[in-house]
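Everything on this sheet refers to the single structure shown next.
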Amino acid sequence: MTTVKECPECKGSKIIQDYERGELICATCGLVISDSMVDEGPEWRAFDSDQRDKRARTGAPIKLMRPNKGLSTEIDQYNRDIRGVKINTKKQAQLYRMRKWHKRSSIQSSVERNLAIALTELDKIASYLGLHESIREEAALMYRRCIEKGVRGKNIEALVAAVIYAVCRQRNMPRTLAEIAQVSGVKRKDIGRTYRILVQELSVGVPLANPLHYVPRFVTALGLSGRVQETAMSILKDAIDRKLISGRGPTGLAAAAVYASCLHHAEHRTQKEVAEAAGITEVTIRNRFKELKDTLDLDLPEIEGQFA
């Protein structure tokens, strides 16, 4: 339907749409501009979200997590007709053969086969990491771009892990290389190497890892209070202002800030406990903690030696 912006008679811009009569009326002079307005909305009504989903006639959305994007026909496994009656044995055998050949014909090349394997692996890693569906879709899109650009890692698993790491960095939902390596079974060094290749080939804009994003995760893992988190965040903000984070790993700084905050609020956690929660070594925490304390002049209680 063509949108009318002004009245042809008085040039008024206030147009009333009367859906009950199907008319466009000028509110200034009362001219009926059109008496054959078409309602482009659905002819059905829905009073809740369930009714709206059932009555909508559009198809399912495109799912990048599926090799065929969810657009192909599928033969289900229920062996029942439209009325729910069980199909006889002869028909079941026929459906079984159809289902088997349909599955074989849907993957016709090595690229499609590798894509199916990669998306299955991507879904598995994302499930272990507790990533949202939108993150998985974005990772699947990036993996498809890698295939189109001819990006090749050491293996499919390394490329999938690198893609997930890159997307998490882009969405400010940090997951460390150690976490992804543990879940995927790929060496951390291989993921890092493949990640660098991916960023270079796709020209992906990945922001620098911010240690502030890691603090809530470490605080939750250690069962600490909100005041510890607030103090740790304040320590890190001071460190960022003084350019202390340059050349240092964000997880080590975040863990050291959490450890310092624990000492300040007397919520005692050992360096070993903090290191395990952050997935780093105790040596790293000691070094970063010493740098924070000396540079920021942190006022910590004398009991800090008991928890080192």
Across the stretch 128-142, in residue order, what do the Karplus-derived ³J(HN,Hα) couplings come to in whole Hz, using 6.51 cos²θ - 1.76 cosθ + 1.60 with θ = phi - 60° and x for Gly and Pro?
-> 5, 7, x, 7, 6, 4, 5, 5, 5, 5, 5, 5, 5, 5, 5
Among Val204, Val258, Val32, the residue with the largest mean-square fluctuation in a Gaussian network model of the chain built from Cα contacts under 10 Å is Val32
The chain, Gaussian network, Cα under 10 Å: of Leu244, Leu198, Leu122, the residue fluctuating most is Leu244
Classify the stretch 211-307 as rounded, prolate or oblate from the Cα gyration tensor: take a ≥ b ≥ c as the square roots of its eigenvalues, call it rounded if a/c is under 1.5, otherwise prolate when a/b beats b/c and oblate if not.
-> rounded
What order do you get for Cys29, Cys146 when you list them from fewest to most C-beta neighbours inside 10 Å?
-> Cys29, Cys146
Hey, which lysines would be in cross-link range of Lys290, C-alpha to C-alpha under 25 Å, not counting anything within fewer than 8 residues on its own chain?
-> Lys237, Lys243, Lys272
If Lys and Arg each add +1 and Asp and Glu each add -1, what is the summed charge of the other residues whose beta carbon sits under 12 Å from the beta carbon of Lys272?
-> -1
Residues whose modelled amide H sits under 5 Å from the amide H of Ile33, counting only those 5 or more places away in sequence or on another chain, are Leu24, Ile25, Cys26
In straight Cα distance, which aspartates and glutamates are under 15 Å from Lys63, not counting same-chain residues fewer than 8 positions off?
-> Glu74, Asp123, Glu133, Glu137, Glu138
Could you tell me whether the stretch 65-106 comes out rounded, prolate or oblate from its Cα gyration tensor? Rule is a ≥ b ≥ c as square roots of the eigenvalues, rounded for a/c under 1.5, then prolate if a/b exceeds b/c, otherwise oblate.
-> oblate
Remind me, relative contact order of the chain in percent, using alpha carbon pairs under 8 angstrom and six or more residues apart?
-> 9 percent
In the chain the cysteines whose Cβ sits 4.7 Å or more from every other Cys Cβ are Cys146, Cys168, Cys262
Provide the net charge surrounding Asn172, with neighbours chosen by a C-beta distance below 14 Å and charges set as Lys +1, Arg +1, Asp -1, Glu -1.
-> +3
Burial ordering of Leu296, Leu263, fewest other beta-carbon atoms within 10 Å first | Leu296, Leu263
Given [x] 1.51; [y] 1.30; [z] 1.23 as possible values of Cα Rg over 2.2 N^0.38 Å, the one from the coordinates is [x]
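Computed from the coordinates by the stated procedures, all read-outs in this text should not be read as laboratory data. Note that the coordinates shown come from a computational prediction; the quantities given were computed from them, not determined experimentally. We place every Cβ from the backbone using ideal geometry, glycine too, and count neighbours over all the protein chains shown.
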